[in-house]
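A.B. asks: Here you go, one structure.
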Amino acid sequence: MSKVMEKKNVETSVENNKVSANTSKKAGDSSVFMVENLNLWYGADQALYEVSMEVPEKKVTAIIGPSGCGKSTFLKTLNRMVEMVPIVKTSGEIKYRNENIFNNKFQKEYLRTKVGMVFQKPNPFPKSVYDNVAYGPRIHGIKKKEVLDQIVEKSLKDAAIWDEVKDRLHENAYGLSGGQQQRVCIARALAVEPDVILMDEPTSALDPISTAKVEELVQELKKKYSIIIVTHNMQQAARISDKTAFFLNGELVEFADTNNLFQNPQDKRTEDYITGRFG
Amino acid sequence: MIRAHFVEELEDLKEQIKDLAVDTKYSLDSAIHALYDANLEQARDIIEADAILDAKEEKINDEAVLMIAKQQPVASDLRRLVSAIKISSDLERMADHSTNIAKATLHLGEGHGIKITPELREMAITAMDMVDLAVKAFEYEDISLAKKLADMDDVIDKKYGQIVKEMLELTAINPEQIQHIMQMAYVARYIERFADHITNIGENIFYLVKGKTYDLNK
């Protein structure tokens, strides 16, 4: 398959789930990221060691581990956001849909569009709910009001916040509760039709009810998107993810089906961490 | 160590299970003695004491459920608590079978005039050895010991088959004592069930250690 066709295939898969389900039968298509022997340094300090893992498509992959284990660094490497730190150096490969993202020819902008990110603290722009969600599509050149209206409504619906904000679309997003702001941020990420959504502790600043809503939402979103979530909440990882990766001191210690990892981990370090013996 | 308090609570639960196992073994031992001695008073004591064992099982269950709710355990911690609930439930059922034997003793009454077959005692001794082995396997989380329980259970099953056959033959030549002979067959059945529960405990120990289910009866 040519690269052009491959890219087209990816785009179609985001636009139309059914098409993607029909066309993604060939081997290797069931993963979005293929990470091989990834090493990463901040200057002289190595933060990731020989990380290899395959991130499955349309599943929730959780990344757990104690503070400073490299899980957020790993997440930010997947959309090359980590390169905003000037002293960062990497080796190894990350393939997104079979293309090495470190390749000079690979467009960073394309990657950032396809791989959206939601942060720990809700970070809406100081704009209206509508303008927050329409921000990305506008940057991509969409100007027609009807099209933008449609995108905003669909994204807010997909982020399970539409009913709560449909009557206040033009009010400042700062006026919403923390949990609502976070779902608006998720809607903003969805508005550019990503393929993968990275979430960096998306509920750590939220109350239990808002957390439950975001967790429910993640379950819905995985029908259309592949999700990678960094979380400090072990029970959250156990509840919402299909696969779990345990990082320790920059090393991927164990990567397994979540049910197996939480019931019967194979590595003693995983067992000790998830049972709270250290960390 | 982080969560030292939780580890202590788990240890305490383990001690309670061992204590319940000792009581359960004692209840069978006592029931067998009462049966052979036709000691109705002792039989009544066993029946009465069952409530104490039930309460111990309930306490273990309550504490395990509370720990699940409060500590949200995973992996081996979760398996330890699930096993605690299941093992204590098996022990409680075992004690019920001791009670059933005591009730059979009451049914037989004093001066029933039949000889209690010595094979029942042999069966009970094997069953009590199984309890000792299960406690050891549980304490040291040793699956090789747990697996031995299956062989011992086979011995019990075989003996049970023999006793039932003998009792049937006995009813043919002593039809007037059929009620009494039936009680002996029942006792054999209770000991056989008692041992089955110990095999379940062995399976739970296997699950606790390996995180997988294992059928010791195969």
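Any read-out appearing in this document is the output of simple, stated calculations on the displayed coordinates, not a laboratory observation. These numbers were taken from a predicted model, which means no experiment stands behind them. Don't worry about glycine lacking a Cβ; one is built from the backbone with ideal geometry, like all the others, and counts go over all protein chains shown.
A.B. asks: Please verify whether region B:5-15 includes one or more residues that are more than 14 Å from every other protein chain (Cβ to nearest Cβ), buried (at least 23 other Cβ atoms within 10 Å of the Cβ) and either among the aliphatic types (A, V, I, L, M) or within 14 Å of B:Phe194 (Cα to Cα) (or both). Full working, then the answer.
C.D. replies: The first filter runs over region B:5-15 and keeps only residues more than 14 Å from every other protein chain (Cβ to nearest Cβ), leaving B:11-15.
Restricting the remaining residues to those that are buried (at least 23 other Cβ atoms within 10 Å of the Cβ) gives none.
No, every residue in region B:5-15 fails to be more than 14 Å from every other protein chain (Cβ to nearest Cβ), buried (at least 23 other Cβ atoms within 10 Å of the Cβ) and either among the aliphatic types (A, V, I, L, M) or within 14 Å of B:Phe194 (Cα to Cα) (or both).
A.B. asks: Working only within region B:180-217, note down all residues that are more than 14 Å from chain A (Cβ to nearest Cβ) and without any contact (Cβ under 8 Å) to a residue 24 or more places away in the chain.
C.D. replies: So the first thing to find is which residues in region B:180-217 are more than 14 Å from chain A (Cβ to nearest Cβ), and the list is B:180-205, B:215-217.
Listed by number, the residues that qualify are B:Met182, B:Ala185, B:Asp215.
Listed here are the residues, each with its yes/no results for (1) in a helix (DSSP H, G or I); (2) within 14 Å of chain A (Cβ to nearest Cβ); (3) buried (at least 19 other Cβ atoms within 10 Å of the Cβ).
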position: B:Lys25; (1), (2), (3): yes, no, yes
position: B:His33; (1), (2), (3): yes, no, no
position: B:Gln42; (1), (2), (3): yes, no, no
position: B:Glu48; (1), (2), (3): yes, no, no
position: B:Ala51; (1), (2), (3): yes, no, no
position: B:Lys59; (1), (2), (3): yes, no, no
position: B:Asp77; (1), (2), (3): yes, yes, yes
position: B:Ser83; (1), (2), (3): yes, yes, yes
